[in-house]
Amino acid sequence: MLLCDAAQVAGGKLFVLGGGWSLTGPDPTPSAIAIKVDVGWQEATTAHHWELYLEDADGAPVMLDTPEGMHPVEVRGEFQVERPDAVPEGTPIDVALAVNLGPLPLSPGSRFTWRLAIDGESQADWSLSFTTRPPEAA
């Protein structure tokens, strides 16, 4: 996973613009998360569900006010891969995901973490943390 300004998937490859940052703001700006998943050979042809959750420094969900009320910042999707003919049996299969986000009104001078879960499971290294700059002095 990689924080970036923008990301795109084309031809099975990730194209990343402004990647690798961990400091943003203080004003809301667009951002993206580029994700590369290695799907095990035995898991090919099976549908997989993924979810990204934004948490604050205390591990609580970041909530945003929407026209439907307060909702956690979450992104969800599905992917499924086929076994390519040219790939030897047993080889993991790459899946590229690009999640582009509009400006999020996050508290300046705070720490946040995106957490990834696939099929309801997560691992400690499936996360990206970043900090928002403190407000600028007048």
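No value in this document is a laboratory result; all are computed from the given coordinates. Nothing here was measured: the structure is a model prediction, and the numbers come from that model. Note: ideal-geometry Cβ built from the backbone for every residue, glycine included; neighbour counts use all protein chains shown.
Restricting the calculation to Cα atoms, the range 83-138 shows an Rg/Rh of 1.19 when the hydrodynamic-style radius is the Kirkwood one. Evaluating 6.51 cos²θ - 1.76 cosθ + 1.60 at θ = phi - 60° for every residue in the range 72-78, the Karplus couplings come out as x, 7, 9, 9, 9, x, 10 Hz, glycine and proline recorded as x.
Placing +1 on each Lys and Arg Cβ and -1 on each Asp and Glu Cβ, with no other charges, gives the range 1-100 a dipole about its Cα centre of roughly 340 debye. Spin-label pair MET63-GLN8: with each label point 7 Å from Cα along the Cα-Cβ axis, the two points sit 3.8 nm from one another.
Residues in the range 23-54 near a label at GLU78, defined as backbone nitrogen under 18 Å from the 7 Å Cα→Cβ point? Those under the cut-off are 43-52. Remark on VAL81: its backbone amide H falls under 5 Å from those of THR45, THR46, a criterion applied only to residues 5 or more positions apart or on other chains, H modelled at 1.01 Å from N. How much length is gained if the chain between ALA137 and GLU51 is pulled fully straight, taking 0.36 nm per residue apart and subtracting their Cα-Cα distance, in nm to one decimal? Extending this stretch completely gives an extra 27.3 nm. Considering only ALA7, MET63, PRO92, and ranking their Cα positions along the charge dipole of the chain that arises from unit charges at the beta-carbon of Lys, Arg, Asp and Glu, the one farthest toward the positive end is ALA7. Remark: the ASN100-ALA117 segment gains 4.4 nm on full extension, using 0.36 nm per residue and subtracting the alpha carbon distance. Computed over all pairs of different Cα atoms, the Kirkwood value for the hydrodynamic radius of the chain is 16.4 Å. Taken as Cα centroids, the range 106-136 and the range 24-90 sit 12 Å apart, rounded to the nearest whole angstrom.
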